[in-house]
1. Once the Cβ-Cβ distance between Ile335 and Thr284 is put in as r, and R0 is 30 Å, what FRET efficiency do you end up with, to the nearest 0.05?
2. Calculate what fraction, in whole %, of the accessible area of segment 252-405 sits on carbon and sulfur atoms when a 1.4 Å probe is rolled over the protein chains.
3. Provide the per residue accessible area, probe 1.4 Å, for segment 261-331, rounded to a whole number of square angstrom.
4. What net charge do the residues around Val266 carry, taking every other residue with its C-beta under 10 Å from that of Val266, with Lys and Arg at +1 and Asp and Glu at -1?
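The values are calculated or read from the model by the stated rules, or taken from the named source; none is laboratory data. Bear in mind the structure is a predicted one, so any value in this text is a computation, not a measurement. Every residue, glycine among them, receives a Cβ derived from its backbone with ideal geometry; neighbour counts consider all protein chains shown. All accessible areas refer to the heavy atoms of the entire protein, side chains included, with ligands and DNA or RNA removed. Shrake-Rupley method; radii C 1.70, N 1.55, O 1.52, S 1.80 Å.
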Amino acid sequence: DQAPPFGRPRPSKMAPAERGRFFCTAGRGLEPFLAREVRARLGATEVDCVSGKVFFRAAAGLGELRKLRSGERLFLLLKKHSPLPVSGSRGKMLQEIKSLVIEEPKYWLDIISVWRKLHGHEGRTGDVSQENAWGLKRKSEEETNTASKRQKMEQVRAVVSEECQVEVGETCVAPERMSSQECWTESKTSSEFPSKGSGENPAANEKLGFSFRVSCRCSGAIAKILTSQEIGRAVGAALARQCGWRADLRDPDLEIFVHLNDIHSVVGIPLFRLPLANREYIRTAGLRSTVAWAMASLAEISAGALVLDPMCGLGTILLEAAKEWPEARYWGADISDSQLEGADGNIRTAGLMDKIELLKASVKALPLPSESFDSVISDIPFGKKFKTTNDAQLLPDILQETERVLRVGGTLVLLLSQELRGRAEGLTGRAGGDPASAQGQGDSLLSRHFGSLVPEGVYAVSLGKTDAFIHKFRKVAAAGSG
């Protein structure tokens, strides 16, 4: 795989021998984008993609890790093993799980040393904000209120998890993060564990006298035997006894994640409080930022390029592109005043007023010169913004106009819903087919009706509960000459 051109790996601040092991979660379909990104941005090695996660090794500080744009949550990897064997004995299974996590205190001292080094090194430079890092205790009144809100959220999640026990044939629908492949429940350990004063290792107590909590995700076969709450409590109690740590649900120094499913057993420590996908420069969220970034990464944006989103909505695609490739110029058009107002607010919040221009216009009649843009990127939001009775008729009109303004050699990147994709295939007389294997197929509406546009790939992605497809095309001839 050729990495997208979004920067070379930066010189490492850590010695080669200190390359850390990490994993990052990703939305369904974005794993290949994340794998390419960690290689290109971090110079990562030992990159391994599985459903919903990318594992890698890299010599990088928090400031560099935080720049990942296609991932969700980032973890320091502690353990990665094959799935635990499922047996009829609940006690035996709990013992297997505890054996996976529990190690000698020296092991945890080494892990905490790496974790503190990551945070401590960046903290001295002021590069890690309180909002994003698991760091020292937050003591102000405002921070205490934040902790209280987090506790309430955890209580809500616990209630949701209690109502979401995974049984044969049932589907867990509580968290938004649930995918069709992996239905999971999450629990935080209760404060039933021994306090650090009652630990069995006084020496470790002095060295590791800080608080923790355990979060557990459990899916697949193991979730039919044990709940996440049971696993979290067992692991938490064992760690408290072994290391003398104090359980704290509200504001722990350290959080330990245990992910158990039919693919692997993983233990990690989250490096940031908030997901990487929560962009501080986006005031009003539209399209998921990770999907917007992935689309922009396919557009081959270079210095001096002109980039257009003809249906820009709140401007998420333009924001992601302009932040990553600031040497290009960006234009966004939309017919909706409210959408343009939201996009303008986002652009001002991001400080990109000098990079992005907005105009009110219909995508069917853009007041722009022919063959004037190097890249066109857009999420075509049928069924929501456009209350039309014949979407399939409207789509060719939109494509004709985007083809007109695109230069020969330029790239067109579109996000289509599953429903719209099906209608597009219906127009070509094509039926059936597996959407998951769509990449590389050229028999589509665009190639049939717009001969100057050559397909270069289709990528199935997830938008929460909705499936969507990123289509990439290249214009190889002037419009109408194909």
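1. With R0 = 30 Å, the Cβ-Cβ based efficiency is 0.95.
2. Carbon-and-sulfur percentage of accessible area, whole number: 49.
3. Result: 30 Å² of accessible area for each residue.
4. +4
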